[in-house]
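Notes to accompany the following structure.
The values are calculated or read from the model by the stated rules, or taken from the named source; none is laboratory data. Quick caveat: nothing in here was measured; it's all calculated off a predicted structure. Here the Cβ positions follow ideal geometry from the backbone for every residue, glycine too, while neighbour counts run over all protein chains shown. Surface areas here come from the heavy atoms of the whole protein model, side chains and all, with no ligands, DNA or RNA. Shrake-Rupley method; radii C 1.70, N 1.55, O 1.52, S 1.80 Å.
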Amino acid sequence: MEQWPHIIDISNYILSVVLDMEPKSMMEIVAVIDPVDGGLGSSEKGNATPAAKPRKKSMTSLYLKFFETAPDGKSRSCKFCKQSYSIATATGNLGRHLNHRHPGYDTVSSSSPQPITTVSKRGPSQVKNSSTVDFDHLNWLLLRWLIGSSIPPSILEDTWLSNSFKFVNSIVKLWSVERFQTVIVEIFRSMREDVKASLEHVNSKISITLDFWTSYEQIFYMSVTGHWIDENWSLHKVLLDVSHIPYPCVSSDIYHTLVKVLKMYNIENRILSCTHDNSSNAIHACHTLQEDLDAQKSVAFCFIPCAARTLNLIIEDGLQTAKPVISKIREFVLEMNTSVEISSDFNHTTSAYQEGSWKFPVDASTRWSGNYTMLDIVRRASKSMDAVIRKREESLGSRNMLLSTKEIVAINNLHQYLEPFHKTTNNMCTSKVPTVGLVLFFMDHIVETIASCRDSRHSPDWLKNAAEDMAKKARSYNSQVHNVYTYMAAILDPRIKGELIPENLNLESYLEEARNHFLRSYSTIHFPTLANGYNPQDNEDGGSVSFAEEIARKRRRVNMTASTDELSQYLCEPPSSFTTDVLDWWKGNSSRYPRLSVMARDFLAVQPTSVSPDELFCRKGDEIDKQKYCLPHASTQPVLSIRAWIENGFKLRYRTSEVDFEKLMVSGTSTATSSAFDSGTTASDSKAKQG
């Protein structure tokens, strides 16, 4: 729900809309909207006259038609709320039930579902009745809730959900599931056109990332996401498609589906790289795509494995031996999370033992963040954990939560070994722009940490064995990720350059290839005015430089040959600090390196991970996975796509109109529906939109 901060507000507004509806308004004549239309308020209004007053009927005929008799003939239930009464219940009591629980019941037909309606009154102003417009408010807000929470429209078929609305107000009428699905698909198609249009204006290379999953229906999906940096040095990310990979879901199926997506957006000749999920089928599909692009000789292309997935697998190897102990710790943490008394005891005990302060609920997820928290509890608060379990021996002691001295020692060793991994993943998750250069720098440190543990005579044998398995995965990753493209992406990070690149990647041959690529692809770019190398007024961070820095830069230039290109000039200067914002640095120095900055825009968009690192390492990923896995096939593509596009800054659009949910939430009047759209309000425009 973090990505949709207004979901709670929407839920509250939905309730207020329902409460504000007045049953008596349904006594008026209504004009039926086309069921395929989104219920946005048609401007084609006919003259309506007040409904004739219903003929007074007998008590029996008036009340009993709103109740259904059970097959056994012993009871009857209310058609609105399913409340059951004995067959012998007096009709007067049934009438009191209808009057108290369902006011206005006599004006609503309960025999069959009715289309969504909007009221038209006689008069030049053609003012709509507010309560019926609120029906559309309610349904559009429900639609946003469905999309924002990645919930299929079929949830609205739930009887108790429907009864909950009717309990608040008996005249509430929701769209049918089919209508919700139709509107969602229409929104998906409209917004996809907006995404296509936005990509037409991208004048840099686009890098893509692939993610794969299998739904609860055992349907295999692939998401394709595009990444690029614009002229203002802002990094953009947009979902291109959620595609169903047909059976048998092999590499050729992935390849053909991927090509179809690229051609749909007309970017097949503008992609620079593809970051995959490390699966063999994805690797083979990317290899086939590379062969096709190489054959065209029109674009350079590379594919690389996901660093986050590799690191996650490496960490899993390290945790493998300790998994049974971690499970015992997690069981204790879950008890603390659900019991105020136990968590209070734990906090008091940690304060007494000076074992730190803890906030509840504690992260107990099975992802790396949760697993490390389990290790951290034993490392920092083992005495308190032991004391609380012993104090509550009746409820906790019998569940084998107590840790032995040997287990505590093992956990402490593992915690010490994996602490650099935790710092690395934290940096990857919180980095504003986790560039290839930065991630390779971190991964190189991970390799060194593994080697140090494996070669240390102080490491226990079980930890050395784990380190050996971890090293194998690290070597496999390095063999796939080290190439001239990742070399270029790394050195164009001003914090890394050539000094902090992993040794196995920092090859003289790669530097020569990088220089040739720059001269071949970027040196001929025409600029109206070029900065003549060094500009004494500009600092790397965009400010003025000191006199000493001016002298130093001039001396560096003297040491260069007259034919030195921008790449050589850039590399001869020392790296920036790690606090430097990479994109801001290039924005401030693009005048010094006008052609190299174009190359940097392309290569800094190459993604080191196929998904956001926090989706793999943190409990946030649990919610995202649940939403993806639990959607039915009919909803997966449109719901996930619309949600992602709105998160990426695109406006939700239905056909030719933009839906402004802020206005829908602020206004509860009938004018909110018509003003919720940026485009026309005339009768002719509305008629065209409905068509």
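Structural remarks
- The simple spin-label model puts a point 7 Å past each Cα toward its Cβ; for Asp581 and Asp158 those points are separated by 4.3 nm.
- Cα-Cα over 25 Å, subset of Lys260/Lys297; Lys237/Lys651; Lys196/Lys587; Lys587/Lys651; Lys205/Lys432: Lys196/Lys587; Lys587/Lys651
- Estimated at 0.36 nm per residue, the fully extended path between Ala634 and Asp461 surpasses their Cα-Cα distance by 57.1 nm.
- On the basis of the beta-carbon distance and an R0 of 22 Å, Lys359 and Glu419 show a calculated FRET efficiency of 0.60.
- Take every Cα pair under 8 Å whose residues are at least 6 apart in sequence, average their separation, divide by the length of the range 258-336, and the relative contact order is 29 percent.
- Per-pair calculated FRET efficiency, R0 = 60 Å: Arg101 and Arg392 via Cβ, rounded to 0.05: 0.80
- Relative contact order for the range 418-533, counting Cα pairs under 8 Å that sit 6 or more residues apart, in percent: 27
- Its relative contact order, with pairs defined as Cα atoms under 8 Å and 6+ residues apart, puts the range 231-384 at 15 percent.
- Counting 0.36 nm for each residue step from Asp469 to Ser521 and taking away their Cα separation leaves a gain of 14.6 nm.
- Carbon plus sulfur fraction of accessible area for the range 370-517, probe 1.4 Å, in percent: 45
- Computed magnitude of the charge dipole of the range 223-378 (debye, nearest 20; Cβ of K, R +1, Cβ of D, E -1): 240
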